[in-house]
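A short write-up of the structure that comes next.
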Amino acid sequence: MNTTKRGFAYQLWDFFCSLRLSIFLLIGLALVSIIGTIIPQGNPPQEYLQTISETKFKLYQQLGFFDMYHSWWFILLLYFLTLNLICCSIKRLPRVWKIISEPVLVMDDRFETSLSITRDVKMTGAAASIKDQIVSFLKQEFAEPVVTEVNGEYHLFAQKHAWCRLGVYVVHFSIIIVFIGAIIGSFAGYKGYVNIPEGGSISRVVTRNGKAVDLGFAVRCEKFSVAFYDTGAPKEFKSLLTVLENGQPVAGKQNIPVIVNEPLTYKGVTFYQSSYGPSDEGASYHISVKNRKTGAATQITARQGERVALPGGAFLSVMEGTADVRPFMKDFDGPGAQVEFTPPGGQPQPFVILGDKYQSFNEQHGGDLVLTLASLDQKFYTGLQVAKDPGVLVVWLGCALMVVGICMAFFMSHKRLWARVTDGSVTFGGSASKNPAGFELSFDELMQKLNKG
């Protein structure tokens, strides 16, 4: 029974130390990350239902595809990969640590045959005096050697960058730290969306799972503006945000411009510019009404959907409007409004009015009256993505360690050099953990310097 249990434990250990498991987990994470890239994450259900059927929506929701990076199976993959890295490191680290901490100090004949690079150098003098010369030479040109005397022979050992062998384990450790940071952010952080009308403020955020979170402070949208390309497509939308504590603006956090990729962060909560739209208040339309016969002009102000009386008994209702008509009327620009004009005793007549730049266009409608859109006061709401990730500093620490580990693992080499000193001769041997061809060139240059000296 004990043997069976021990055998199962060894099999389980070998399974978690397996390179095949590492490859399988990495490929699995890559594939599911592709799914998370293709399928938008964290959108409202109605947005998904616009593009997929209700059956697919329910299936994807059950599988966690809409919030994949917080799904139980994705986190389980991270757990398995973390365990795999830990087991692989535990299995292989003792051997590497022994190479670093307990190097071979004596190059006997058997060990010499295992080295790929060896050179014999003839020198004059006794072994003790030659040893002193070699110690001084290596200390100056390579690294300070350790001297061991065996049977009248002097064995010298010197090494450089021994710790670079630990680079791969630093990378393993950094990946685990990144995973820990991601898990902290997954459980202790949140993401949500909020719409703030111009002049309005919020102090609570509704997360993706519908949970309301109290921020502990308030954010007010002072102003929102949007710039357009010549094609009419939005070029830049910008919010001016102010942070409030107990109803008072926080010093240094007033009228902070927030645009795409330039968020506002306060107390670990980050506000990203995400979207915008017209506020529920609607727009105010300032319209010039001119009598064709008398030339008399008056100014009226109308709100969307409001029925306004005009001089002479006519009525006007603004159905909808825009600050820039280019997306809808390619030969025109500036503000425009779709109106419904009702002449005295007549039927409603829908048409478009533009700014005074297009007076001839406006004169085509309105009967005895010429209607011109003087200006448009449109209030917007700003759509912000709100995120709090307490694990982000842990992730950055892991990334920094990863850079260090990669530099150690790929750009540094553990170089070792042995020398066996006897009367009248020295036998050198060397090895490098990386780029042996380059090390052999350096080794030969070292021998040339010794011969010249």
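Observations on the model:
- Of the strands (runs of 3 or more DSSP E) contained entirely in segment 104-210, those carrying at least 1 residues that are within 24 Å of the chain's Cα centre (by Cα) and more than 23 Å from Met412 (Cα to Cα) fall at 190-197, 201-207.
- Members of segment 126-143 that are out of contact with any helix residue (DSSP H, G or I) (no Cβ under 8 Å at 6 or more places or on another chain) and surrounded by fewer than 20 Cβ atoms within 10 Å (Cβ to Cβ): Ala126, Ala127, Ala128, Ser129, Asp132, Gln133, Val135, Ser136, Lys139, Gln140, Ala143
- Matching entry among Ala314, Ala309, Ala297 (being more than 27 Å from Gly277 (Cβ to Cβ), among the small types (Gly, Ala, Ser), touching a Pro at 6+ places or on another chain (Cβ under 9 Å) and modelled with pLDDT of 90 or more): Ala314
- Tally, over segment 243-291, of residues that are at pLDDT 90 or above and more than 34 Å from the chain's Cα centre (by Cα): 7
- Considering segment 67-84, and only residues there that are within 21 Å of Pro40 (Cβ to Cβ) and aromatic (Phe, Trp, Tyr), the residue that is modelled with the lowest pLDDT turns out to be Tyr69.
- Here Ile75 fits the description: within 29 Å of the chain's Cα centre (by Cα) and under 20 Å from Gly181 (Cβ atoms).
- Residues located in segment 144-188, provided they are among the small types (Gly, Ala, Ser) and crowded, with 19+ Cβ neighbours inside 10 Å: Ala158, Gly167, Ser174, Gly181, Ala182, Gly185
- Residues (hydroxyl-bearing (Ser, Thr, Tyr) and loosely packed, with under 11 Cβ neighbours inside 10 Å) located in segment 290-314: Thr294
- Given (1) closer than 30 Å to Met123 by Cβ; (2) surrounded by 15 or more Cβ atoms within 10 Å (Cβ to Cβ); (3) in contact with an Asp or Glu (Cβ under 8 Å, 6 or more places away or on another chain); (4) of a type outside the set (Asp, Glu), index of the condition Ser413 fails: (3)
The values are calculated or read from the model by the stated rules, or taken from the named source; none is laboratory data. On a predicted model such as this, the values are computed, not experimentally measured, just so you know. All Cβ positions, glycine included, derive from the backbone under ideal geometry; neighbour counts span all protein chains shown.
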